[in-house]
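Trainee: This is the structure, below, for whatever I ask next.
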Amino acid sequence: MALGASLGLLLFVAETAWLLKAGVVGVDIPLDGPYAALAAAVRPLLPGVVLRVAAVYLLAGGLLGLGAGVLALAWTRRGGWRAAGLTVLHWWALLLFWAWDRALERPALFDDLPALKPALAWLVDHGEPWQARAAAGAWVGGCLLYTSPSPRDRSLSRIPSSA
């Protein structure tokens, strides 16, 4: 849990440094004219906002670290590292299906990923929202069929743990 919290905080610091260096957060806006009053009103609130965001990264990292520890313990007792690898593969596949769905629903969410812009633009131009959902459903259905017990032997599944 402590390792996850530390990694979450490290991610927050790295992401904040990258955003400030890239200038994508509006730090370089001239603060004269109409922006002066807005900057004066917002400036006292910024430290609290930054601390709350850092706390969320810290908490989320700790919870993910705790979850990873519990799952690792379960994997080593039941299914070993093969089951762990399969579970990671399934989570990555579901994450990609979710990103595909989000790219079709809200393409602007991925504007900060210039390396993926050509692929995302192609998806938005040629894809429909139902396609990502159907592909995810087929993936999950195939996984359920693969892990279900054989009709001849109902006591065993084809893989050692639920992945």
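A short reminder: the numbers here are calculations on the coordinates, not readings from a lab. Just so you know, these numbers come straight off a predicted model, no measurement behind them. Cβ: placed from backbone, ideal geometry, glycine included. Neighbour counts: every protein chain shown.
Trainee: Using θ = phi - 60° and the Karplus form 6.51 cos²θ - 1.76 cosθ + 1.60, what ³J(HN,Hα) does each residue of region 36-53 get, whole Hz, x for Gly and Pro?
Mentor: So the J values, rounded to whole Hz, are 4, 5, 5, 4, 5, 6, 8, 3, x, 7, 4, x, x, 5, 4, 5, 5, 5.
Trainee: For region 122-147, list residues with backbone N below 18 Å from a point placed 7 Å from the Cα of Leu89 toward its Cβ?
Mentor: Correct set: 136-147.
Trainee: Another question, then. With θ set to phi - 60° and the Karplus curve 6.51 cos²θ - 1.76 cosθ + 1.60, what are the ³J(HN,Hα) couplings of region 135-141 in order, to the nearest whole Hz, using x for Gly and Pro?
Mentor: 5, 5, x, 5, 4, 5, x
Trainee: Can you tell me the length gained on complete extension of the stretch Leu96 to Ala119, counting 0.36 nm per residue apart and subtracting the Cα distance?
Mentor: 7.0 nm
Trainee: Gain in length, Ala36 to Leu145, computed as 0.36 nm per residue apart minus the alpha-carbon separation, to one decimal in nm?
Mentor: Result for the pair: 33.1 nm of gain on full extension.
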